[in-house]
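The values are calculated or read from the model by the stated rules, or taken from the named source; none is laboratory data. The structure presented is a predicted model; accordingly, all values stated were derived computationally and were not measured. Here the Cβ positions follow ideal geometry from the backbone for every residue, glycine too, while neighbour counts run over all protein chains shown. The area values use the complete protein model at the heavy-atom level, side chains included, leaving out ligands, DNA and RNA. Shrake-Rupley method; radii C 1.70, N 1.55, O 1.52, S 1.80 Å.
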Amino acid sequence: MAMFGDFSSKGGFIANLPKIYGIYTGGFIVFIFLMAILEQMGLSADTIGLLFVGFTIVIYAVIGWLSRTMQLDAYYVAGRQVPPVFNGMATAADWMSGASFVAMAGGIYVGGHPYLAFVVGWTGGYVLVATLMAPYLRKFGCYTVPDFIGTRYGGNFARLCAVIVLVVASFTYVTAQINATGTIASRALLIPFEVGVWVGLAGILLCSMLGGMRAVTWTQVAQYIVLIIAYLVPVIWMSNKQGFGVIPQLVYGDAVQRIAELEQLHQVGVLKPAEAVAGMSALVVKHNAPADTFVANWRFVTLVACMMLGTASLPHILMRYFTTPSVRAARSSVAWSLFFIFLLYFTAPALATFTKLQILDPNLATSVIGKSIADVNALTWVQKWSAVGFLKVMDANGDGIVQINEFFIRADVVVLATPEIAGLPYVISGLVAAGGMAAAMSTADGLLLAIANALSHDLYYKMIDPKADTKRRLIVARVLLIAIGAAGALVASLRLTGILGAVAWAFCFAMSGLFFPLVLGVWWKRANRAGAIAGMIVGLGAGTWYLYAVKWGGMKPWWGMDDLRFGMVGAAASLVAMVVVSLLTPAPDKETQDMVDEIRIPKGETYLGSTH
């Protein structure tokens, strides 16, 4: 048990990380083979799914328990002892949310090329993190993002504004992750979605409540191993089974061409769904595409911009770089993060492609389109996903045959359903469910911790009770973790929007209020307190107003920027407000400007800008 807390000894946990996680990976692979053997011996599919999800959650909970701590540095920043490679894995897991694992390939499956904007934007955002943010925030030596804002600009009001933006963005994001855990739990455990979100929340809290950032870090490394294995195995299997070889990322272009032929055969773009099914999409997508190429390209570029700037503004991601041993390690950690993220993002379009081909191609035994309604409804996987409200087959024209516009599926479950759609052994479905749960839980852990830490450190300790001792501060942080998680589960159970939609909103909230106060706080010495406050208030306010106006207020979007792109309005307003107000008010004092000069040197000792 002391192993997870031994950061100082050369023979301790840190020194043995490769060995420990190597054994863990080997053990997980053995577990997969054991489940495969039990499936062949007759173990039911439902039991396999339950064992996969249950086994992995228990492992994460054990790591969380072994990592418990009452030390502030360990709870808030994992003792600043996380090596770059492992911090890269933890960051990738933190990043590989339910949106990345569960919903992104589903979005590409349903919407095609436009959804690649998420892949491009999320990946490109890490270039901004590496060049503009991570090394300098690590050099500063803060605990949280509002900690940097409050100390760089001075005053509690600036800190409070940063806390508000963080809570709005992170809470929006965490509801999407709890939504994903509820989706997986409802299928794996055969329980209603509204119950599944609370089961998912319980697993999330077990990982993070006792050990804070230390527990979350080592749990996220374990979760990344699970999710990347779970994502790659079914794609490689499908690619090989369909005759395209074992490197799907390089050959799915041929599958895209085959899909285009099948879509033409099935008259995609001519047929339209005869009846709307709430929250689901048919394979007919082309009739929704903008006729104007410029508009389509503009919408793609603006969505990429929102995802990039949002990535570089998300507090739970920036917090990960506070945990490295040095400034240099923070920069190296970003490179490793990109590598581990690339492994999944490079695969997502291939997964969407092979899944769609699996449904469309009549030469494949498990195809759906063109089969009789009765035969399709008799499929076990169709029955089970229909039972939990994520899939629907309807005979709109009464011919008894499933047409391309009569098979409806929620984009959020495409990845989870892929192994069953492809007719793979159910052990692969259990593996994918475990991977999806790992992805959603890892991000939810990071988000809940970001909110609780900001409220306990920046609001409670820095502003309300500066004399609070360590024990009281950590108790407050843990109580807040539970309360925020419960609120997130409650909102997620309402299904106000899909997973990708909620994530896009979170990114737009973050960039609206935090991107320019953070970037200009590092790169513009003239930026001052009044400017930063104006930037956060005006940016968040303008973005929120635009979201409400186009989503619920009936306003026509400006230049095609819908509710997924409101961050463009918020960030632009934030920049203008911050620059104008900073120039109209006195410059920061010499001490602050010298501090900015110091933190812009991405090497050397940490500048302790605040007392923790």
When restricted to D361, D399, the only residue in contact with a Ser or Thr (Cβ under 6 Å, 6 or more places away or on another chain) and open to solvent by 10 Å² or more (accessible area, probe 1.4 Å) is D361
Note down all Cβ pairs under 7 Å where the first residue falls in region 76-101 and is under 15 Å from L343 (Cα atoms), the second is open to solvent by 10 Å² or more (accessible area, probe 1.4 Å), and they're at least six residues apart or on different chains.
V85/W336; G88/W336; G88/F339; G88/F340; M89/F340; A92/F340
Examine region 360-367 for a residue that is in a helix (DSSP H, G or I) and either of a type outside the set (F, W, Y) or at pLDDT 90 or above (or both), and state whether such a residue exists.
yes
Mind listing just one residue for me: the one in region 183-234 that is assigned to a helix (DSSP H, G or I) and without any contact (Cβ under 8 Å) to a residue 24 or more places away in the chain and, of those, farthest from T69 (Cα to Cα)?
V195
Given (1) farther than 23 Å from H316 by Cβ; (2) assigned to a helix (DSSP H, G or I); (3) out of contact with any helix residue (DSSP H, G or I) (no Cβ under 8 Å at 6 or more places or on another chain), Y546 misses just (3)
Let me confirm something: among S456, S512, which residue is of a type in the set (S, T, N, Q) and closer than 30 Å to T302 by Cα?
S512
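To keep it simple, each residue is scored yes or no on (1) farther than 27 Å from V327 by Cα; (2) open to solvent by 10 Å² or more (accessible area, probe 1.4 Å); (3) hydrophobic (A, V, I, L, M, F, W, C).
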residue	(1), (2), (3)
S100	yes, no, no
G107	yes, no, no
G124	no, yes, no
A134	no, no, yes
Can you spot a residue in region 491-509 that is among the β-branched types (V, I, T), open to solvent by 30 Å² or more (accessible area, probe 1.4 Å) and farther than 14 Å from Q177 by Cβ?
no
Take the residues of region 292-329 that are of a type outside the set (A, V, I, L, M, F, W, C), part of a helix (DSSP H, G or I) and closer than 25 Å to M213 by Cβ: which is most open to solvent (accessible area, probe 1.4 Å)?
R328
Considering each of K371, K384, K392 in turn, give the residue that is at pLDDT below 90, in contact with a strand residue (DSSP E or B) (Cβ under 6 Å, 6 or more places away or on another chain) and open to solvent by 20 Å² or more (accessible area, probe 1.4 Å).
K392
Please pick out the residue among G370, G430 that is over 20 Å from P234 (Cα atoms) and either out of contact with any Asp or Glu (no Cβ under 8 Å at 6 or more places or on another chain) or in a strand (DSSP E or B) (or both).
G370
Among (1) among the aliphatic types (A, V, I, L, M); (2) under 20 Å from the mean Cα position of the chain (by Cα); (3) over 21 Å from Y153 (Cα atoms); (4) assigned to a helix (DSSP H, G or I) - the single one L494 does not satisfy:
(4)
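Residues checked against (1) assigned to a helix (DSSP H, G or I); (2) under 18 Å from C306 (Cα atoms); (3) at pLDDT 90 or above:
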{"position": "T123", "(1), (2), (3)": "yes, yes, no"}
{"position": "V129", "(1), (2), (3)": "yes, yes, no"}
{"position": "A134", "(1), (2), (3)": "yes, no, no"}
{"position": "L137", "(1), (2), (3)": "yes, no, no"}
{"position": "R152", "(1), (2), (3)": "yes, no, yes"}
{"position": "V165", "(1), (2), (3)": "yes, yes, yes"}
Going through F354, F342 one at a time, which residue ends up being of a type outside the set (S, T, N, Q), assigned to a helix (DSSP H, G or I), touching a residue at least 24 places away in the same chain (Cβ under 8 Å) and open to solvent by 20 Å² or more (accessible area, probe 1.4 Å)?
F342
